[in-house]
């Protein structure tokens, strides 16, 4: 009898293991594969009408013989990306699959862009998914008509998504984009990031663990997620030290640092651009991170890394501030910085929360002060997970801690020493004879995760047109540790887990979701509509970014040496021995009509129009918004090692009010200090539109006391578009002017 019982238990255990294995192998899940794009190109009449309106606007403001200004989005994810996949699962409130063809159709009919690129996370792209991505991008271009004058150009790329464990090994996220599409002109596999080395080994779950995940929520979405995980983690790593073309296409290529990434791209030898983005986003960037290390040696490739994203649906990364989110002692110990006007460090708020609880519990003032200091220390030692050191803290308890309260639509938990302005002020003096600097052109994009390039054309449908669900999607499907617990009057230290597992601790998801926006656009001054002309404009940095609206912007140096009356456009690099003279011209974006234009409605039909565009498309009227002012930023890069950057970034250096009611705004200015200061400078401009409503423009909706301190917050919630007034804008690429002594 006992033997039969043991056999029954063994059989049951074997059956359970078998079930776990079958479920964990993805047998019951589906691969969310591709579909063909809609075969109808945008009407020639609509493309021509937009070009004619742009030419008329340029002429009215005095731009002679303008290049075409084409608008695009160079940062788009389909549900081939893991985070996008989880966000799309219907049981988590998602809309289902958004493959690459959805991005093609959205760019063509909903947002009516001129170009876009796909940038799924390379880590998520299996060999099958990569081949399907290449085929889908080619299919999108095949619909575009004449290759010399297409209605839409689609570029191929991926995202190199690196996250460090500390400021020293964090390099951040970079989009890799390729010029060409034909066989033999693009890599046969993407290059993912590789996690920094640790002593904890490989924490990748196995098949049985995936089976447990699937059986814990036995529904279609969980089975699809298990299939996704299994397919993604079953790809073997590529061998190191082997030439790229000699490696199988069915392995996972990776690079631990930017230097490794650039070396592998060099080995492939194809035309590519590497575009850093989200540099200040504190959701994943370790506190204390700075970009100084990325200017050293092979960590920067100026032939590929020519552009940087200043704005996206994840917020603004432009502005530098002198405050710090953490400070470090000489021995590397993290310390809590003091609060300053406009910035409350999270560690200080942690101390405040614990102190108030301690006082309410009847403890002595001295004891409560000690506990507040302990809370500050625990917070900074926990890094990204500092909020978990305060048991029972709700998102509202943190008020506006860690946020740049005087920045334009800032990224969440802002990191100022990774801002674009800080980056542009840096120099590396390893070779004193030829100091290095970054010479980035500026662009913006969406970072959309639902296959929707260019979502910023209208401010609506926050839950679909932004990534508001992105930070909460994992809570539904992954074994994350909740931040709850009893609100006790004492902080607790965070106990680090094995490599990779700290990622599954909750990252202030509810607070972060308030900071997602509809996203920006990149604009190029292009000699034509074809992909080569667009690529050439990107290469020469004749580009600018907008926070979403299609603002027209020109920024020129009027007196370059030997120009014979020919100005140099934004993105140019030159030398001068006299004061530079600049001209800015800007025209506001068209106000939008409700609904969609007839050609989009005809091409998609009512059902797909509603599903993909949510019934709203780019549909310009004949009235433009006013440009209120032009702001000029001057940055004078470091002249010596360790020179503080605080005095080198002047924002705004100049500001010019625009004439009310005018069709556009034109400003001419000079820098009389250039010669007397005898130092290099770069200049860029912002064209600021009249106030309008935008999704997430006031993410926390603080109530403030008489001293301006935030005392209560009202974060954005699901189902709320969270509209607030903002001043939409465009950022030009800089003009770089090196000082040269007269006669040299």
Open item on the list: Looking at (1) under 30 Å from residue 516 (Cα atoms); (2) part of a loop (DSSP other than H, G, I, E, B); (3) out of contact with any strand residue (DSSP E or B) (no Cβ under 6 Å at 6 or more places or on another chain), which one does residue 535 not meet, given that it meets all the others?
Closed with: (2)
Open item on the list: Going by what's in this entry, would residue 687 be described as under 30 Å from residue 513 (Cα atoms), part of a strand (DSSP E or B) and touching a strand residue (DSSP E or B) at 6+ places or on another chain (Cβ under 7 Å)?
Closed with: yes
Open item on the list: For a quick check of your reading: which helices (runs of 4 or more DSSP H) sit entirely within the range 203-271 and have at least 1 residues that are over 24 Å from residue 181 (Cα atoms) and modelled with pLDDT of 85 or more?
Closed with: 220-233, 258-268
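Conditions (1) modelled with pLDDT under 95; (2) surrounded by 24 or more Cβ atoms within 10 Å (Cβ to Cβ), marked per residue:
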site	(1), (2)
104	no, yes
107	no, yes
159	no, yes
166	yes, no
169	no, no
Task: Answer residue from the range 485-502, given it is within 30 Å of residue 466 (Cβ to Cβ) and either buried (at least 18 other Cβ atoms within 10 Å of the Cβ) or in contact with a helix residue (DSSP H, G or I) (Cβ under 6 Å, 6 or more places away or on another chain) (or both) and is modelled with the highest pLDDT among those - done: 494
- [ ] Identify the single condition in (1) surrounded by 18 or more Cβ atoms within 10 Å (Cβ to Cβ); (2) assigned to a helix (DSSP H, G or I) that residue 91 does not satisfy, given that it satisfies every other one.
- [x] (1)
TODO: Return yes or no: is residue 566 without any contact (Cβ under 8 Å) to a residue 24 or more places away in the chain and either closer than 20 Å to residue 66 by Cβ or outside any loop (DSSP other than H, G, I, E, B) (or both)?
DONE: yes
Open item on the list: Suppose we filter 43, 81, 25 for residues that are farther than 30 Å from residue 127 by Cβ and either over 27 Å from the mean Cα position of the chain (by Cα) or surrounded by 15 or more Cβ atoms within 10 Å (Cβ to Cβ) (or both); which single one remains?
Closed with: 43
TODO: Identify all residues within the range 171-188 that are at positive phi and surrounded by fewer than 24 Cβ atoms within 10 Å (Cβ to Cβ); write none if there are none.
DONE: 184
TODO: Answer with yes or no whether residue 679 is under 23 Å from residue 633 (Cβ atoms) and over 31 Å from the mean Cα position of the chain (by Cα).
DONE: yes
Task: Residue among 112, 97 that is assigned to a loop (DSSP other than H, G, I, E, B), farther than 25 Å from residue 149 by Cβ, out of contact with any strand residue (DSSP E or B) (no Cβ under 8 Å at 6 or more places or on another chain) and touching a residue at least 12 places away in the same chain (Cβ under 8 Å) - done: 97
TODO: Could you please find all residues in the range 607-652 being in contact with a helix residue (DSSP H, G or I) (Cβ under 7 Å, 6 or more places away or on another chain) and in a helix (DSSP H, G or I)?
DONE: 609, 612, 613
Task: Residue selected from the range 512-524 under the condition out of contact with any helix residue (DSSP H, G or I) (no Cβ under 6 Å at 6 or more places or on another chain) and assigned to a strand (DSSP E or B), by the criterion surrounded by the fewest Cβ atoms within 10 Å (Cβ to Cβ) - done: 523
- [ ] Determine whether residue 39 is out of contact with any strand residue (DSSP E or B) (no Cβ under 8 Å at 6 or more places or on another chain), under 29 Å from residue 309 (Cβ atoms) and at pLDDT below 95.
- [x] no
TODO: Identify, from the list 671, 698, 721, the residue that is surrounded by 17 or more Cβ atoms within 10 Å (Cβ to Cβ), under 24 Å from residue 411 (Cα atoms), in contact with a strand residue (DSSP E or B) (Cβ under 8 Å, 6 or more places away or on another chain) and in contact (Cβ under 8 Å) with a residue 24 or more places away in the chain.
DONE: 721
TODO: With respect to residue 320, determine if the residue is closer than 30 Å to residue 454 by Cβ, under 29 Å from the mean Cα position of the chain (by Cα) and either touching a residue at least 24 places away in the same chain (Cβ under 8 Å) or in a helix (DSSP H, G or I) (or both).
DONE: yes
Task: Filter result for residue 147 (over 18 Å from residue 299 (Cα atoms), in a loop (DSSP other than H, G, I, E, B) and either free of Cβ contacts under 8 Å to residues at least 24 places away in the same chain or touching a strand residue (DSSP E or B) at 6+ places or on another chain (Cβ under 6 Å) (or both)) - done: no
- [ ] Kindly establish whether residue 716 is closer than 28 Å to residue 456 by Cα, touching a strand residue (DSSP E or B) at 6+ places or on another chain (Cβ under 6 Å) and surrounded by 15 or more Cβ atoms within 10 Å (Cβ to Cβ).
- [x] no
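So that you can scan it fast, the table gives a plain yes or no per residue for (1) assigned to a loop (DSSP other than H, G, I, E, B); (2) surrounded by 22 or more Cβ atoms within 10 Å (Cβ to Cβ):
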position	(1), (2)
370	no, no
377	no, no
402	yes, yes
414	yes, yes
422	no, yes
433	yes, no
453	yes, yes
468	yes, yes
Task: Pairs, first touching a residue at least 12 places away in the same chain (Cβ under 8 Å) and on the phi < 0 side of the Ramachandran plot in the range 415-428, second in a helix (DSSP H, G or I) and buried (at least 24 other Cβ atoms within 10 Å of the Cβ), C-beta under 7 Å, six or more apart - done: 416/422
Task: Answer residue from the range 599-623, given it is more than 22 Å from residue 36 (Cα to Cα) and more than 28 Å from the chain's Cα centre (by Cα) and is surrounded by the fewest Cβ atoms within 10 Å (Cβ to Cβ) among those - done: 622
- [ ] Quick one: count up the residues across the range 640-664 that are surrounded by 14 or more Cβ atoms within 10 Å (Cβ to Cβ) and under 24 Å from residue 319 (Cα atoms).
- [x] 11
TODO: Output the residue which, of all residues in the range 330-340 that are at pLDDT 95 or above and closer than 12 Å to residue 288 by Cα, is surrounded by the most Cβ atoms within 10 Å (Cβ to Cβ).
DONE: 336
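The values are calculated or read from the model by the stated rules, or taken from the named source; none is laboratory data. It should be emphasised that the depicted structure is a prediction, and the values quoted were computed from it without experimental measurement. Please note: Cβ atoms are built from the backbone with ideal geometry, for glycine as well, and neighbour counts cover all protein chains shown.
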